[in-house]
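Engineer: Handing you this structure, nothing more for now.
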Amino acid sequence: MSLDTVSNDWQCVGVAQVAGADILGAGLYLFEFRSSAANFRGKYVFAGGGLGAGGSLGGGAGGPSPLGRF
């Protein structure tokens with residue numbers, strides 16, 4: 001896919017996330033962006049940090065996609 005490819009069929013799914021904090025915290029989030037028209041499927045990880053208390057763990061599920069499974 002080139003940078004000037006135009007597409008209006010983008011899909012995004014949050015695949016999984018994990019985060020925790022006890023004053024200092026951090027989190028990891030995995031997303032997939034895909035487009036059939038742009039012939040692109042990319043997985044991205046976001047890592048962030050901050051202050052807080054608590055934690056979370058989760059996964060995502062998308063509906064049927066014409067682009068196939070994750």
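Coordinate-derived values only; no laboratory data. Fair warning: this is a prediction, and the values are worked out from it, not measured in the lab. Here the Cβ positions follow ideal geometry from the backbone for every residue, glycine too, while neighbour counts run over all protein chains shown.
Engineer: Can you give the FRET efficiency to the nearest 0.05 for Ser56 and Ser36, using r as the Cβ-Cβ distance and R₀ = 35 Å?
Structural biologist: My answer for the efficiency is 0.65.
Engineer: What ³J(HN,Hα) values, in whole Hz, does the Karplus curve 6.51 cos²θ - 1.76 cosθ + 1.60 give for the stretch 5-17 when θ = phi - 60°, with x put for Gly and Pro?
Structural biologist: Working through the residues one at a time gives 6, 9, 8, 10, 10, 5, 10, 9, 9, x, 7, 7, 8 Hz.
Engineer: Tell me which chymotrypsin sites (Phe, Trp or Tyr not before Pro) from the stretch 7-49 have a DSSP coil assignment and no more than 14 other beta carbons within 10 Å of their own.
Structural biologist: Trp10
Engineer: Along the Cα-to-C-beta direction of Val6, a point sits 7 Å from the Cα; which residues of the stretch 26-57 have their amide N less than 15 Å from that point?
Structural biologist: In the stretch 26-57, the label zone of Val6 (backbone N under 15 Å from the point 7 Å along Cα→Cβ) covers 37-38.
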